[in-house]
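The values are calculated or read from the model by the stated rules, or taken from the named source; none is laboratory data. Values in this document were obtained by computation on a predicted structure and should not be read as measured data. Reconstructed Cβ throughout: ideal geometry from the backbone, glycine too, with neighbour counts over all protein chains shown. Protein only, heavy atoms only, side chains kept; ligands, DNA and RNA dropped before computing areas. Shrake-Rupley method; radii C 1.70, N 1.55, O 1.52, S 1.80 Å.
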Amino acid sequence: MIILIIALPAMAANVLRQAREALKKNQNLEQTGQTLVKESEKDDQKLATRVECLRLAAECSRKLHADENRKLYLGQKTDTSKFYAHILNMFVRARKADSLSRTPDERGRIKPLAAKRVHDFLQPYRQNLLGGGKYLYLKGKMADAYPYFNMYVSLAEMPAFAADSLLKRDTLMSQAAYLAAAAAYASGNDAGLLRHSELAQQAGMQSHLIQEYVCRTLERNGDSATQRAALTTGLERYPEHPYFFSNIVDKMLAHNRPDEALAFVDSMLKLNDSIALRWYARSLVLMRLERDREAIDACDACLRLQPDHVDALYNKGIASLNLAVVYAEHACTDITDPRCLRDREIIRSLYTLAKVPMERVRQLAPQDTARWASPLYRIYLHLNMGPQFDEMDRIVNK
């Protein structure tokens, strides 16, 4: 034990001495930096030694970046990934050194690194973090891009940058948060997305997508209560974006609350009745409530705004078929009764009403036979349209 107690400081001192020599000679810096980081992770080392290891490791990264930068200046072949990776490593190591220096040592003392020294060491390279992140982002390497954007935003929390008030003064902060959130979502980094989502929505660049990503992430993780709140927030912030409205209606219908869904849809129509989706949603809810005539009116309102809205056309066709079936159940069947002919005409008119929108569905979605073939089969059968019925019969049987 005595040997170990004596040996540990000696080993650390040797590592530090070799690191300073390597920095002085500008040799073997990558391996030196890795060795220093490993040494800093040893809990049995003195806190001051661990901090110094990280500080020197950050200096190794800075010099490695300078070497790549020099090659670029001289027109020599450079490794762009390494060019930026050295920057990120420098920030990671320096930030960790600063954080570690702010914890009590073995005697309960706190000896933080000088904030100005840390700030001046990192400040000239801050924009390179954005450059590295964007370089990897554009290459589709989202998981690799995220740490750059995350570090850029996280510097606002670092004591060394407190005086800079980055969140207030740096106009690129929200953009970096947006890219961090987008990269996190694309790479399945849920924590990263949620961490940056609020600041990201201040960027003004497709911000509604970030809130949508948040909702999708919460749903995937089974966090229903928080997702409902996130959907409501999304609707308040981005009322024109269809995702939030549609999902709120879907959730209500999935939980068998059609009356509540109808009240919600109507409240949204009062705010703005020129959005086709809201009329389509109303038709959907009314059909769930078996109020098919009103559903047809809602479909017509939707189609006036968007004539080729396939779902509204489909709903109008199905609602008309529903009315025909219900009416037929109570229709007069006595051929000697004048009401029989009248009822037949009404039923025929309902099937005719269903025919036009359903045929239009077929035109707009010809491959979606599972949707329109069976309804058209019933329509052509009741309208006695032989050739058309035979065609539907073949399609249905397939």
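Take segment 101-117 and flag every residue that is small (Gly, Ala, Ser) and touching a residue at least 40 places away in the same chain (Cβ under 8 Å).
SER101, ALA115
Of the numbered conditions (1) open to solvent by 40 Å² or more (accessible area, probe 1.4 Å); (2) more than 30 Å from GLN45 (Cα to Cα); (3) at pLDDT 95 or above, GLY131 satisfies every one except a single condition; which is it?
Of the numbered conditions (1) open to solvent by 40 Å² or more (accessible area, probe 1.4 Å); (2) more than 30 Å from GLN45 (Cα to Cα); (3) at pLDDT 95 or above, the odd one out for GLY131 is (1).
Kindly indicate which of ASP98, ASP120 is within 19 Å of ARG62 (Cα to Cα), among the acidic types (Asp, Glu) and in contact (Cβ under 8 Å) with a residue 40 or more places away in the chain. Don't jump to the end; show me each part of the working.
Values: ASP120 fails: in contact (Cβ under 8 Å) with a residue 40 or more places away in the chain.
Result of the check over ASP98, ASP120: ASP98.
Please state which one of SER61, SER40 is of a type outside the set (D, E, K, R), free of Cβ contacts under 8 Å to residues at least 60 places away in the same chain and closer than 25 Å to TYR148 by Cβ.
SER61 is the lone residue from the list that is of a type outside the set (D, E, K, R), free of Cβ contacts under 8 Å to residues at least 60 places away in the same chain and closer than 25 Å to TYR148 by Cβ.
Residues of segment 139-148 being of a type outside the set (Lys, Arg) and exposed (fewer than 14 other Cβ atoms within 10 Å of the Cβ), which ones? Outline the logic, then answer.
Just the residues of segment 139-148 that are of a type outside the set (Lys, Arg), to begin with: 140, 142-148.
Passing the criteria: only GLY140.
Working carefully through the options ASP337, ASP250, ASP266, ASP259, find the one that is among the acidic types (Asp, Glu) and closer than 28 Å to GLN363 by Cα.
Working: ASP337 fails: closer than 28 Å to GLN363 by Cα; ASP266 fails: closer than 28 Å to GLN363 by Cα; ASP259 fails: closer than 28 Å to GLN363 by Cα.
When all the criteria are applied, what remains is ASP250.
Is it the case that some residue within segment 6-15 is at pLDDT 90 or above and open to solvent by less than 80 Å² (accessible area, probe 1.4 Å)?
The first filter runs over segment 6-15 and keeps only residues at pLDDT 90 or above, leaving none.
The answer is no; no qualifying residue exists.
Among the residues of segment 356-387 satisfying the criterion of being touching a residue at least 40 places away in the same chain (Cβ under 8 Å) and open to solvent by 60 Å² or more (accessible area, probe 1.4 Å), which is farthest from ILE318 (Cα to Cα)? Step through it out loud before you land on a result.
Pass one, segment 356-387, residues touching a residue at least 40 places away in the same chain (Cβ under 8 Å): 357-358, 360-361, 364-365, 371-372, 375, 378-379, 382.
Narrowing the set further to residues that are open to solvent by 60 Å² or more (accessible area, probe 1.4 Å) leaves 360, 364, 378, 382.
Working: ARG360: 13, LEU364: 16, ARG378: 11, HIS382: 15 Å.
For segment 356-387, the residue satisfying everything is LEU364.
Out of the residues in segment 149-178 that are within 20 Å of PHE83 (Cα to Cα), in contact (Cβ under 8 Å) with a residue 40 or more places away in the chain and touching a Lys or Arg at 6+ places or on another chain (Cβ under 8 Å), state the one that is most open to solvent (accessible area, probe 1.4 Å).
ASN150
Does LEU193 satisfy being over 26 Å from ARG102 (Cβ atoms) and either surrounded by 21 or more Cβ atoms within 10 Å (Cβ to Cβ) or of a type outside the set (S, T, N, Q) (or both)?
Numbers: over 26 Å from ARG102 (Cβ atoms): yes; either surrounded by 21 or more Cβ atoms within 10 Å (Cβ to Cβ) or of a type outside the set (S, T, N, Q) (or both): yes.
Judged against the criteria, LEU193 is a match.
Among the listed residues LEU284, LEU269, which satisfies the condition of being farther than 30 Å from PRO147 by Cβ, touching a Lys or Arg at 6+ places or on another chain (Cβ under 7 Å) and not hydroxyl-bearing (Ser, Thr, Tyr)? Talk me through it step by step, then tell me what you get.
Numbers: LEU284 fails: touching a Lys or Arg at 6+ places or on another chain (Cβ under 7 Å).
Checking each option against the conditions leaves just LEU269.
Take segment 53-89 and flag every residue that is under 14 Å from TYR125 (Cβ atoms), out of contact with any Gly (no Cβ under 9 Å at 6 or more places or on another chain) and among the small types (Gly, Ala, Ser).
The answer is ALA66, and nothing else.
Could we say that TYR280 is touching a residue at least 12 places away in the same chain (Cβ under 8 Å), in contact with a helix residue (DSSP H, G or I) (Cβ under 8 Å, 6 or more places away or on another chain) and farther than 24 Å from GLU212 by Cβ here? Write out each step before concluding.
Details: touching a residue at least 12 places away in the same chain (Cβ under 8 Å): yes; in contact with a helix residue (DSSP H, G or I) (Cβ under 8 Å, 6 or more places away or on another chain): yes; farther than 24 Å from GLU212 by Cβ: no.
When the stated conditions are applied, TYR280 does not pass them.
Can you tell me which residue within segment 76-95, out of those that are among the basic types (Lys, Arg) and touching a residue at least 12 places away in the same chain (Cβ under 8 Å), is nearest to ARG55 (Cα to Cα)? First the steps, then the outcome.
Of segment 76-95, the ones among the basic types (Lys, Arg) are 77, 82, 93, 95.
In the following step, the residues that additionally are touching a residue at least 12 places away in the same chain (Cβ under 8 Å) were identified as 82, 93, 95.
Values: LYS82: 20, ARG93: 7, ARG95: 9 Å.
Here the residue is ARG93.
Could you say which residue among ALA186, ALA203 is open to solvent by 20 Å² or more (accessible area, probe 1.4 Å), in contact (Cβ under 8 Å) with a residue 40 or more places away in the chain and touching a helix residue (DSSP H, G or I) at 6+ places or on another chain (Cβ under 8 Å)? Before you say what the answer is, go through the steps one by one.
Working: ALA203 fails: in contact (Cβ under 8 Å) with a residue 40 or more places away in the chain.
One residue alone meets the criteria, ALA186.
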